[in-house]
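What follows is one structure encoded as structure tokens, with my remarks underneath.
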Amino acid sequence: MDAKDILGLPKTPLPITQEKKSRPQKDSQRKPDGISREVYALTGGLAPLMPSIDVSQLKRRPASDEKITWQWLPFTNSARKDNLQLYHWVRVVNGVPPTGDYSFAKYNKLVDVIKYTDEEYEKYLTDPMWTKEETDQLFDLCERFDLRFIVIADRFPSSRTVEELKERYYSVSRAILIARAPSPGDVASHPLVKEPYNLSQERERKRALSMVLSQTKQQERKDAEVLAEAKRIQETRMAARGAEEPELPVTSNAVTESADKAVVPGDTVSPSSNAQLPVTAVAPSALAVADNASTLASLRMLWVYLRTYALEQMVQAASSSVGLRTIKRVEQTLQDLGVNLKPKVPTKTVCAEHLELRKEILTLLNLQKQLQYKEAEGSSFREGSFVEMPGSPKDRTFVPDSFGFGGERVGKRDQKRKGPGRQLEGPSPAHKRPRKMKAPDL
Amino acid sequence: MTNSSSSKMHSQDRPEISGSTTKSQRTKMGKPEDGEKKLKDIEISVPIVYGNVAFWLGKKASEYQSHKWTVYVRGATNEDLGVVIKRAVFQLHSSFNSPTRIVETPPFELSEAGWGEFEIAITLFFHSDVCDKPLNLYHHLKLYPEDESTTMSTKKPVVVEFYDEIAFPEPSESFLARVQNHPAVTFPRLPGGFTLPPPLPVEDANRRKRGDTKDNPLTQWFMNFSEADELLQLAAARQQVQAHIAKLRRQISLIDAQRQPLKSCSDQLNLL
């Protein structure tokens, strides 16, 4: 501890160092009765809720009426077949040695490998691919090695794959089981009979697993990217399903064909989202109308309801398809606009207006997100096809959260350049080009 | 598929109605499709205000009775709710004697003395031709002023009120007939060709007067609820949002327009 002082290191609050002060507190907190604190700390320190150590047992002395001696005695293990006799120390109480089998014998678990007779083999188990000799060898190995097929395959005299060995073993066992059963129904629930081993399926499964395991990081990233694109296209497809859209088959084809090219993700999404843009504007409103109608219907079933309750239900229905974060953003926007989250005078018209406002805010947030995506696409799309020039990255933060119009101006400025890829163009071309700013119409 | 209230209407109408117009009305209602279509478009809404007024007892306050309060449900414009509500049941905190208080006649209010704030469940039961199901409201009784620094006075009470509207989406014909000119009820515009039987003769003025809260001693403390302010606020907000949306839409379409030539350029590159 002096060394720590010299080095200027902070003293760690070990119980040892703070014994004097904290001992009463520690005792009342932790209560290591019967054993010293250091020993208790070895078990993990803090007292468990359910004490795993029966602390009282630890300091227990043997009962005074018992006379304990320790003797070096022989013993046999029932798990062994060779009657080997070994010696070990035994705790003898009052001259009586303990009875019972060797305590570890019960852990010797064996597998029940079926044993067939020769007649049975002739009758049920002949197979063009397997000789009787091989089958016998297989079963012998199975018994010796407890059905550990990897080991068995290694030891097998002729080279057979693990799957082939498994298939032979399981089909033989199954045939014997069915043959020996008094009626087919008796064994129908036996797992061997219910689910036979499928060689080709197993081969495929193992191949797929090894493929997944051996994927490189690059491939993984590409796969994730393509999956994300596919998911996005799927979502827009779902949303647009309400209205008509003929372009969809084209975009899905484009995605599958160009899955390998790095440039393509930007490429395929832009035409698809171009096509979807007029459609997605229609589709959410179509969905919203459907939601409204069902809420109204359920309200009507009530015979009587409060206006505030009705508004709550409609708001919930309108926000059912969006996440919690979006809902919070809507509420934040309402507050920024100076609107009460729950109207103070909820008349029918007020509630209708409130609902419409909420829906419009949702549309607004969606559009903001769309715009963000488009701008992001623009820059990543450029990165793929051109060499990235060290440009001065302009402040890309489009302010979606607060209702600030400042963020909007940034977006407008960028529109005047040739493309939205801000990272691409270096400082010189950007400065040389005359920038015509639209007068802000705020 | 006729609703229960309309079947009740039938039984109620029979003793009262005579007159050819109403009979033809009834046969119209009898056809399920026609009757339902007509009723579905009509919704009666009753604007109410519910809340409490609490007076501090000052020197007369004891440990268990520091405030005298009144919880109530009134018409938003202080009209008589008795035309719609049959009785109101106020469920108080279990520490009160017989905490279930039933008020059978308007004005639907309950006065008590106490020291604590708690949630009061108000159950409104309607007349049989209005609705069979009761409606529940919950009001948290407020005795102490919101702003802790305000000194409590025996003259000025703490008032907390909430505006709401009771909506009856499928009112029965007799209900419609009964309330068609009543000031407590917001009557919808009836679809063309829909006529109602004439209203029952107005009850004598005295009885009606007692039900409304216009002359209630507490009237001076009641709050005014005007939808005009809120509507203005909402309209302004909507305008802002719509303008923002339009701008974003323009931006997005601009970007898309710019992308098109670039796309063909990259296509050419890919072919190389």
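The values are calculated or read from the model by the stated rules, or taken from the named source; none is laboratory data. Bear in mind that the values here come from a model prediction, so they are computed numbers and not experimental data. Using ideal geometry, Cβ is built from the backbone for each residue, glycine included, and neighbour counts are taken over all protein chains shown. Areas reflect the complete protein model, heavy atoms only, side chains present, ligands, DNA and RNA absent. Shrake-Rupley method; radii C 1.70, N 1.55, O 1.52, S 1.80 Å.
Structure summary
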| read-out | value |
| --- | --- |
| For the stretch B:112-117, Karplus couplings with θ = phi - 60° (6.51, -1.76, 1.60), whole Hz, Gly/Pro x | 8, 10, x, 10, x, 9 |
| For A:MET211, solvent-accessible area (1.4 Å; no DNA, RNA or ligand), Å² | 110 |
| Protein-only accessible surface order, largest first, of B:PHE187, B:PHE175, B:PHE96 at 1.4 Å | B:PHE187, B:PHE96, B:PHE175 |
| Whole-Hz couplings from phi, Karplus 6.51/-1.76/1.60, listed for the stretch A:134-144; x for Gly and Pro | 4, 4, 4, 4, 4, 5, 5, 5, 4, 6, 5 |
| Per-residue HN-Hα couplings for the stretch A:62-69 [Karplus 6.51, -1.76, 1.60; θ = phi - 60°; Hz; x = Gly/Pro] | x, 4, 6, 7, 8, 10, 9, 10 |
| Highest to lowest packing among A:68-74, A:225-231, A:167-173, A:136-142, scored as the average C-beta count within 10 Å | A:167-173, A:136-142, A:225-231, A:68-74 |
| Chains B and A, summed buried accessible surface - 1.4 Å probe, Å², nearest 100 | 5400 |
| Across B:LYS133/B:LYS214; A:LYS359/B:LYS247; B:LYS86/B:LYS214; A:LYS81/A:LYS106; B:LYS60/B:LYS155; B:LYS59/B:LYS155, pairs whose alpha-carbon gap is larger than 22 Å | B:LYS133/B:LYS214 |
| Förster-model FRET efficiency, 56 Å R0, A:SER189 and A:LYS67, C-beta, rounded to 0.05 | 0.50 |
| The stretch B:121-172 - accessible surface per residue (Å², probe 1.4 Å) | 47 |
| Extension reserve of the A:ASP82-A:ILE327 stretch, reckoned as 0.36 nm per residue once the Cα distance is removed | 80.6 nm |
